[in-house]
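Each remark here refers to the structure printed beneath this line.
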Amino acid sequence: MDIEETIYKYALTNAVEHGNNCQTGSVIGMVMSKHPEMRKDPKTVSQLAGKLVAKVNAMSPEEQQKQLDNLGGIEEHKRKVEKPKGLPELENAENKEITLRFAPNPSGPLHIGHARAAILNKLYQKKYNGKLILRIEDTDPKRVEMDAYDFIPEDIEWLGIDPDDVYIQSERIPIYYEYAVKAIEIGAAYMCTCDGGEFKKLKDNCQECPCRQHTVEENMKLWNKFPEMEEGEAVLRVKTDINHKNPAIRDWVAMRIVDQEHPRIGNKYRIYPMMNFSVTIDDHLMGMTHVLRGKDHLANSEKQSYLYKHFGWDIPEFIHYGRLKMDDVQLSTSKAREGITEGTYTGWDDPRLGTIRAIARRGIKKEVLYDLIEEIGTKQADATISWKKIYGLNRNIIEEETNRFFFIPEAVKVDIDSLPKEYESLSIERELHYNEPEKGFRTLNFNKSAYIPKKDYDIALKDNIPLRLMDLVNVNITESSCEYDSFTLEDAQEKNARIIQWSPVEDAMEAVVVMPDNSKIEGFIEPDSNKLIVDDLVQLERFGFARVDEITDEKITFYYTHN
């Protein structure tokens, strides 16, 4: 096949697969990718592609398909390869009781990044009928916040996760001491009293520090003196490969002194395990078969493998996945806490945060997160979740559940003049849900006056167009009045009237909607909204979905979900 015929076939394929509109750049990319030999003459490829793309785009869709069929197509593009649905299989899961763990640090409530780890573990637990452990990793007193001990269980409960066992590492410190001694006794660890800077210089040059040659007896003597030492005076190190290509893995620290009160256990201990030491011990003792963690733990997994080998333990399967980001949302727990302290955010459930409780308060269903996390899976590429994607998935879930109500933002009260007597007092019924009549109806009792949105009022005044109050009457707005015009929908359509929502004045409820940027829109909601209760999801017609957050005698507060 000559070069021109090859490019022609790719141009036809591109057109048929993309709405009959062929793109030159895409065709060149396909040619260069599938035929590396053509990269030697990019000028010819480019010129031919431009000419042939123009030829293909001038054809009708039917002719494009016919030409492609005549040429036999290009096999790898004729069939769309379906992506396998669901999570990939776990490595070496045969004939094992699968045991997994979700192990957050108690620095605050969970955010959507934590949700990825929690949900992935839950999905695999369900897939393999395995065991799931919740372990609170709180062996760094400087990264512990007391409120997190309540937040984390609440958040995973909302996610629908019920762990088989729950552990708190600060309750297990004697166990880590026991294994520190065992590591010393088998020659896997040593007490190091070198200055940190000096040790780094040696380590970076692949040189052992003098302490590495201590006998077991010398190490035990230093270990026993450890509790009386000053912070930074000594550490316990795990022996690794001093020539390892990654200096961070060379003889890593297992235990150190931290002179700071632990928020949960006070000053009971001064010697705390580093994460890699406590995690390795716990993962072994708790029987982990598979460890799902972010790819930022790749080096940690290698560090921990040394300790597994020292003790002769089976190494679990490590699965590393990429970072999860969210468009325009604060996911950093430390920055969020700082913002809450400074008053930038109203709390952990502020709609601008990516915490689980903020997402829940807005009315996003947990099933949305499960769908997203399962779709992203365990791939190592970083992923960004967009609000658009979340909204679309959530809308699919709540569309058929939510009742409809009129919300009148920035309400303007209008008294409708010149009403025919028979229209002065009307009772209008509208479906609670347009597609589910069995849900019943809501009633709007009109008596000459109504609240209408300020935006619609201003447009009618500025552009001199009539308004139709939905299911009610048609009116004309002037600077000084609101005049009755006509009654039927057909009249409104003839005059290109703007159709708007409205509320009776009598018994209307004040309402405020908290928006995603934490701004607030005030107005009124129709009287039948008094049937709502906290946590109800509703659709405020022509405004958006919202969750009922608070109800008082004076007003209803909603959290805006999405449109």
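Within the range 373-386, restricting attention to residues that are open to solvent by less than 40 Å² (accessible area, probe 1.4 Å) and out of contact with any strand residue (DSSP E or B) (no Cβ under 6 Å at 6 or more places or on another chain), the residue that is farthest from Gly354 (Cα to Cα) is Gly377.
Would it be correct to say that Tyr190 is modelled with pLDDT of 95 or more and surrounded by fewer than 22 Cβ atoms within 10 Å (Cβ to Cβ)? Spelling it out, it is not the case that Tyr190 is modelled with pLDDT of 95 or more and surrounded by fewer than 22 Cβ atoms within 10 Å (Cβ to Cβ).
Residues of the range 341-361 that are in a loop (DSSP other than H, G, I, E, B), in contact (Cβ under 8 Å) with a residue 40 or more places away in the chain and of a type in the set (Gly, Ala, Ser): Gly354 alone.
Taken over the range 98-125, the criterion of being among the aliphatic types (A, V, I, L, M), farther than 24 Å from Leu285 by Cβ and open to solvent by 20 Å² or more (accessible area, probe 1.4 Å) is satisfied by Leu123 alone. Against the conditions (1) closer than 30 Å to Lys131 by Cα; (2) part of a loop (DSSP other than H, G, I, E, B); (3) without any contact (Cβ under 8 Å) to a residue 24 or more places away in the chain, His244 satisfies every one except (1). Answer yes if at least one residue in the range 98-115 is farther than 28 Å from Thr341 by Cα, in a strand (DSSP E or B), touching a Gly at 6+ places or on another chain (Cβ under 8 Å) and of a type in the set (Ser, Thr, Tyr), and no otherwise. Within the range 98-115, one or more residues are farther than 28 Å from Thr341 by Cα, in a strand (DSSP E or B), touching a Gly at 6+ places or on another chain (Cβ under 8 Å) and of a type in the set (Ser, Thr, Tyr). Of the strands (runs of 3 or more DSSP E) lying entirely inside the range 247-322, the ones with 2 or more residues being at pLDDT 95 or above and open to solvent by 30 Å² or more (accessible area, probe 1.4 Å) are found at 253-257, 317-321.
Filtered by the rule that a residue be surrounded by 14 or more Cβ atoms within 10 Å (Cβ to Cβ), closer than 15 Å to Gly544 by Cβ and under 13 Å from the mean Cα position of the chain (by Cα), the range 387-398 gives Trp387, Ile390, Tyr391, Asn394. Can you tell me which residue is farthest from Leu123 (Cα to Cα) among those in the range 146-167 that are of a type in the set (A, V, I, L, M, F, W, C) and open to solvent by 30 Å² or more (accessible area, probe 1.4 Å)? Within the range 146-167, the match that is farthest from Leu123 (Cα to Cα) is Met146. The listed residues are Glu338, Glu401, and the only one of them that is of a type in the set (Asp, Glu), surrounded by fewer than 16 Cβ atoms within 10 Å (Cβ to Cβ) and part of a helix (DSSP H, G or I) turns out to be Glu338. Just one of the listed residues (Asp415, Asp350) is surrounded by 15 or more Cβ atoms within 10 Å (Cβ to Cβ) and of a type in the set (Asp, Glu), namely Asp350.
The values are calculated or read from the model by the stated rules, or taken from the named source; none is laboratory data. Since we're looking at a predicted model, the values are computed, not measured. Note that each Cβ is placed from the backbone with ideal geometry, even for glycine, and that neighbours are counted across all protein chains shown. Heavy atoms of the whole protein, side chains included, go into the accessibility calculation; ligands, DNA and RNA do not. Shrake-Rupley method; radii C 1.70, N 1.55, O 1.52, S 1.80 Å.
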